[in-house]
Amino acid sequence: MAIFLLCAVRTFDRNTVWNDDKTLFLNDVKTQPNSAKLRNAAAGVLLSDVSASGDPASQIGKVEVALGHLQKAIEIHPLYKNAWLQLGNANYFLENYGKAERAYAKALEIDPGYSLAYKNLAINYRDYGKYLGEKQGDLDASILYLKKAEEMSEDDPETLRLLGVAHGVKGQLEEAIKYFKKALTIDNDN
């Protein structure tokens, strides 16, 4: 009877944290701080929450907490490819493109066929190239990263458009036209 009562009390106590995945994972990571899987799951729900939240300060705060969980998950289990993927995603969100690149590369080192890491690395290259061109005015570096993105995802019309823009701004009109035409064959509504 005592065991039954103990189990009933424990079940009742756990009901409060079974409200949703976020509550469950963030609570459980406190009681099991050395679980890489729980750390990764907690980071995952926080990163999923970021897209739903409209407040930039709140988003950055959640990403920074997620980064802490991911770094601990990787410390516990250095070959946890999904933790490396999410670490890349968190850094990408914060526009830490170099850190994102290294995290995606590590996920691909662990599993060369990891398609999500490959896709996200290509997007990271594209957006880093865009950032370098638009915000830093470094067209040579911009083109370098955009070409890396193109090598990985040659049918991405946004990468091709950005390459056209970068070459156009540099005065390399033939190259610009080549990229714009290629982009139009993929997305003729643009």
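Values quoted throughout were computed directly from the atomic coordinates according to the rules given, and no laboratory measurement underlies them. Predicted, not measured: the structure shown is a model, and the values here were computed from it.
Tell me which lysines have Cα within less than 23 Å of Lys135's Cα, excluding those fewer than 8 residues away on the same chain?
Lys135 reaches Lys99, Lys147, Lys148, Lys170.
Here is the link list: Lys106/Lys178; Lys130/Lys182; Lys72/Lys130. Which ones come out longer than 26 Å on Cα distance? Please report the intermediate quantities before stating the final value.
Working: Lys106/Lys178 34 Å; Lys130/Lys182 18 Å; Lys72/Lys130 31 Å.
Going by Cα-Cα distance, Lys106/Lys178; Lys72/Lys130 fall outside the 26 Å limit.
Starting at the first residue of the range 55-66, write each ³J(HN,Hα) from the Karplus equation 6.51 cos²θ - 1.76 cosθ + 1.60 with θ = phi - 60°, in whole Hz, x for Gly and Pro.
7, x, 5, 5, 5, 4, x, 5, 5, 5, 5, 4
For the range 112-123, take each phi angle, set θ = phi - 60°, evaluate the Karplus expression 6.51 cos²θ - 1.76 cosθ + 1.60, and give the result in whole Hz per residue in order, putting x for glycine and proline.
x, x, 6, 5, 5, 5, 5, 4, 5, 5, 4, 5
Would you mind calculating the gained length between Asp55 and Leu144 on full extension (0.36 nm times residue separation, minus the Cα-Cα distance), in nm to one decimal?
28.7 nm
Given the Cα-Cα distance of Val169 and Glu109 and 0.36 nm per residue of separation, how much length would full extension add, in nm?
So the extension gain works out to 18.0 nm.
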